[in-house]
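The values are calculated or read from the model by the stated rules, or taken from the named source; none is laboratory data. These figures come from a predicted structure and were not determined experimentally. Here the Cβ is made from the backbone with ideal geometry for all residues, glycine too, and neighbour counts use every protein chain on show. What goes into the accessible areas is simple: the full protein's heavy atoms, side chains included, and nothing from ligands, DNA or RNA. Shrake-Rupley method; radii C 1.70, N 1.55, O 1.52, S 1.80 Å.
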Amino acid sequence: MLQRLTAGLSSTSTTVKVLGGAGLIRPYTPLTLARMGRTLKQWGTGPAGGFAALALRAPTAVGLIDERGALTFADLHRRSNALARALRAAGVGEGDAVAIMCRNHRGFVDATIATSKLGADALYLNTAFSGPQLVEVVGRDKPTALIYDEEFAGLVGDAEVGVKILGWTDDETAGGDVPRLESLIATHDTADLEPPTRHGRTVILTSGTTGTPKGAPRREAGVDAAVSLLSRMPLRYGWHTHIAAPLFHTWGFAHLALAMLLGSTVVLRRRFDPEQFLEVVQHHRCESAVVIPVMLQRIMALPPQVRDRYDLTSLQVVASSGSAIPGDLATRWMDQFGDNLYSTYGSTEVAYAAIATPEDLRANPATAGHPPYATVVRILDDRGREVPQGTPGRIFVGNGLLFEGYTGGGHKEVIDGLMSSGDVGRFGPDGRLYVEGRDDEMIVSGGENVFPKEVEDCLARHDAVLEVAAIGVDDDDFGTRLRAFVVLSAGAECTEDELKDWVKANLARYKVPREIHFLPELPRNATGKVLKRELVQRDRPEA
């Protein structure tokens, strides 16, 4: 069914137009083209084939810049060959899994490519994991090897993995007898390997905001997936791209994959700092940056004189995803840095569903935009029937990157080849998609459906509010009401009653939170999503 839905959307002319616009149709010698074609046929379009092809077409071009300096595409190819040999010697083979718990740096990329070259699966672990979460995920997915940064040594101690490797260390004496990734690369042969008989999978974990993260595997993406994103996001060949979003997250990893096609120079920093972000973009003259919305919030929370200190005129695309952009943050960003913000709506399971361009966000900052090329989005009722335009319903998505089912068992609901995103939304009269909230977060207050997101967006537009989250709580009068948690902007003063009056002036009375609690910060995971389960567990929080 999905093939029938998307077949009418696919056309060679569209692909050529999009790839040509991105600068990807380039002159290569017949010999280079033949070698690239053979490489991709043997190694696939995943990290193994993608970076090997870059080593052929642009060997001396800089492929990565991190705190330790620059690496060319040829460097990345040779380093991953050596690391793949080291992993194979340690017992990693085709069909095994290699867990990677690294921040954004060369070791993450080396491990990703090397794992792919062995035909093994890469299991990306959240760098904000607690010890018990790590042990549970490793016990469930049973990786053969674990590559981790020195700072996580205390967490991985109880993880039952036969092979452990330090991916990054600031202290050469740290880790005891645990081998270091750089040492393994330096002591193994860098010559090309024979391709495996199977192509490895990428296993990205769900956000885990409601429980233990689930593994969501998918096969390597082809050109069609890149064409979908590029059809509404004008990234170009050879740009410098600062990937600030975590590489272990779907969004960060997607842009690492796009870099294989676009020949991008990927600029990485291990940790996000709002002013450092501005400095990195200015210093490297980055044309694109990859973020999650909380990063935009923290940049815009900097004093105006700090933001004005940096020249970001090189920045043409700021690609945001991972959660909704709250309130009027999108317009405030564009007023400061230009109309360069692109917001992608999707999930770990469905990948991407819609992209809002700067034009969309100017028209309505709350929109998720339009589905990109070769992507189907339908709004269905509880019986699986499509609802009229403007009527809210469950969002179902069809594209070429739907996941294969959770590693621990289970799957998202699928109807006629379309997969549930887990959200409720509608198509507005302007043809744009609007996401109203998670289908499991909706409450019924006074007989009316209320989504926390609408109230969160309302509160976020108040000048005194930096960030906000809302959850449902029992209420004697309305059945259920919202409890909001607010972080005030630096130096701002505001009372609970003032914020309630603000909501009352902008939304229906039954949407006014029963209580508003003030917090110094919201609990978030490493991908910036608010951990609402921690808010639910709170009694009256400290003021």
Q: Residue by residue through region 485-543, note down the ones that are basic (Lys, Arg) and either assigned to a loop (DSSP other than H, G, I, E, B) or surrounded by 18 or more Cβ atoms within 10 Å (Cβ to Cβ) (or both).
A: Lys511, Arg514, Arg524, Lys529, Lys532, Arg538, Arg540
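Yes or no, residue by residue, for (1) open to solvent by 30 Å² or more (accessible area, probe 1.4 Å); (2) modelled with pLDDT under 90; (3) within 30 Å of Gly23 (Cα to Cα); (4) not in a helix (DSSP H, G or I):
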residue: Leu166; (1), (2), (3), (4): no, no, no, yes
residue: Glu182; (1), (2), (3), (4): yes, no, no, no
residue: Thr212; (1), (2), (3), (4): yes, yes, no, yes
residue: Ala226; (1), (2), (3), (4): no, yes, yes, no
residue: Pro234; (1), (2), (3), (4): yes, no, yes, yes
residue: Pro246; (1), (2), (3), (4): no, no, yes, yes
residue: Val266; (1), (2), (3), (4): no, no, yes, yes
**Q.** Only one of Asp440, Asp457, Asp423 that is under 16 Å from Lys532 (Cβ atoms) and surrounded by fewer than 17 Cβ atoms within 10 Å (Cβ to Cβ)
**A.** Asp440
Q) Given the conditions (1) touching a strand residue (DSSP E or B) at 6+ places or on another chain (Cβ under 7 Å); (2) surrounded by 24 or more Cβ atoms within 10 Å (Cβ to Cβ); (3) of a type outside the set (Asp, Glu), which single one is not true for Ala351? A) (1)
Q.
Here are the criteria: (1) open to solvent by 60 Å² or more (accessible area, probe 1.4 Å); (2) in contact with a helix residue (DSSP H, G or I) (Cβ under 8 Å, 6 or more places away or on another chain); (3) modelled with pLDDT of 90 or more. Tell me which single one Glu448 does not satisfy.
A. (3)
Q: All but one of (1) more than 16 Å from Ile204 (Cβ to Cβ); (2) in a helix (DSSP H, G or I); (3) β-branched (Val, Ile, Thr) hold for Val138, so report the exception by its number.
A: (1)
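Just to verify a result, which residue in region 48-65, among those that are of a type outside the set (A, V, I, L, M) and either in contact with a strand residue (DSSP E or B) (Cβ under 8 Å, 6 or more places away or on another chain) or part of a loop (DSSP other than H, G, I, E, B) (or both), is nearest to Tyr28 (Cα to Cα)? Even if it seems obvious, please write down each step before you answer.
From region 48-65, those of a type outside the set (A, V, I, L, M) are 49-51, 57, 59-60, 63; that's our starting set.
Applying the additional criterion that residues be either in contact with a strand residue (DSSP E or B) (Cβ under 8 Å, 6 or more places away or on another chain) or part of a loop (DSSP other than H, G, I, E, B) (or both) yields 51, 59-60, 63.
On the way: Phe51: 17, Pro59: 13, Thr60: 15, Gly63: 19 Å.
This residue is Pro59.
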Q: Could you tell me whether any residue of region 271-289 is assigned to a helix (DSSP H, G or I) and either among the acidic types (Asp, Glu) or modelled with pLDDT under 95 (or both)?
A: yes
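Which ones in region 268-293 are open to solvent by 10 Å² or more (accessible area, probe 1.4 Å) and within 24 Å of Val487 (Cβ to Cβ)? Walk me through it before giving the result.
Of the residues in region 268-293, the ones open to solvent by 10 Å² or more (accessible area, probe 1.4 Å) are 269-276, 279, 282-285, 287.
Scanning region 268-293 gives Arg271, Phe272, Asp273, Pro274, Glu275, Gln276.
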Q. Can you find a residue in region 117-125 that is closer than 27 Å to Ala244 by Cβ, open to solvent by 10 Å² or more (accessible area, probe 1.4 Å) and among the hydroxyl-bearing types (Ser, Thr, Tyr)?
A. no
Q | Residues of region 381-404 classified as surrounded by 12 or more Cβ atoms within 10 Å (Cβ to Cβ) and without any contact (Cβ under 8 Å) to a residue 60 or more places away in the chain, total | A | 10
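Just checking, how many residues over region 76-115 are over 23 Å from Pro246 (Cβ atoms) and of a type in the set (Asp, Glu)?
The qualifying residues number 2.
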Q) Do we find a residue being under 20 Å from Ala22 (Cβ atoms) and touching a Pro at 6+ places or on another chain (Cβ under 6 Å) anywhere in region 359-366? A) no
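Among the residues of region 416-435, are any more than 21 Å from Ala353 (Cα to Cα) and not aliphatic (A, V, I, L, M)? Walk me through how you get there before you give the answer.
Restricting attention to region 416-435, the residues satisfying the condition of being more than 21 Å from Ala353 (Cα to Cα) are none.
For region 416-435, residues more than 21 Å from Ala353 (Cα to Cα) and not aliphatic (A, V, I, L, M): absent.
Taking the criterion of being touching a Pro at 6+ places or on another chain (Cβ under 9 Å) and in contact (Cβ under 8 Å) with a residue 40 or more places away in the chain, would at least one residue in region 262-284 satisfy it? Before you say what the answer is, go through the steps one by one.
Pass one, region 262-284, residues touching a Pro at 6+ places or on another chain (Cβ under 9 Å): 272.
Remaining after also requiring in contact (Cβ under 8 Å) with a residue 40 or more places away in the chain: none.
No, region 262-284 has no match at all.
Just a yes or no: is a residue in region 78-85 in a strand (DSSP E or B), under 14 Å from Gly167 (Cα atoms) and open to solvent by less than 30 Å² (accessible area, probe 1.4 Å)? Walk me through it before giving the result.
Taking region 78-85 first, the residues in a strand (DSSP E or B) are none.
No, region 78-85 contains no residue that is in a strand (DSSP E or B), under 14 Å from Gly167 (Cα atoms) and open to solvent by less than 30 Å² (accessible area, probe 1.4 Å).
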Q: Please verify whether region 472-479 includes one or more residues that are under 24 Å from Leu296 (Cβ atoms), in a strand (DSSP E or B), modelled with pLDDT under 90 and open to solvent by less than 30 Å² (accessible area, probe 1.4 Å).
A: no
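Looking at region 432-480 only, could you name the residues that are among the hydroxyl-bearing types (Ser, Thr, Tyr) and either closer than 29 Å to Pro372 by Cα or touching a residue at least 60 places away in the same chain (Cβ under 8 Å) (or both)? Before you say what the answer is, go through the steps one by one.
Taking region 432-480 as the starting set, the residues that turn out to be among the hydroxyl-bearing types (Ser, Thr, Tyr) are 434, 445, 480.
Listed by number, the residues that qualify are Tyr434, Ser445.
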(Q) Where the second residue is not charged (D, E, K, R) and the first is open to solvent by 100 Å² or more (accessible area, probe 1.4 Å) and lies in region 26-39, which pairs have Cβ atoms under 7 Å and are six or more apart or on separate chains? (A) Arg35/Leu56
Q: Return yes or no: is Ala366 assigned to a helix (DSSP H, G or I), crowded, with 17+ Cβ neighbours inside 10 Å, touching a residue at least 12 places away in the same chain (Cβ under 8 Å) and in contact with a helix residue (DSSP H, G or I) (Cβ under 8 Å, 6 or more places away or on another chain)?
A: no
Q) Which members of region 295-316 meet the condition of being crowded, with 21+ Cβ neighbours inside 10 Å and β-branched (Val, Ile, Thr)? A) Ile299
Q | Failed item, numbered, when Phe73 is tested on (1) at pLDDT below 95; (2) over 30 Å from Val156 (Cβ atoms); (3) open to solvent by less than 50 Å² (accessible area, probe 1.4 Å) | A | (1)
**Q.** Failed criterion for Gln133 (all others in (1) at pLDDT 95 or above; (2) within 21 Å of the chain's Cα centre (by Cα) hold)
**A.** (1)
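Could you please give the count of residues in region 411-458 that are in a loop (DSSP other than H, G, I, E, B), among the basic types (Lys, Arg) and within 17 Å of Pro392 (Cα to Cα)?
1
Tally the residues that are assigned to a loop (DSSP other than H, G, I, E, B) and of a type in the set (Gly, Ala, Ser), restricting the search to region 104-122. Break it down into steps so the answer makes sense when it comes.
First, the residues of region 104-122 that are assigned to a loop (DSSP other than H, G, I, E, B): 104-105, 118-120.
Still in the running and of a type in the set (Gly, Ala, Ser): 119-120.
Number satisfying all stated conditions: 2.
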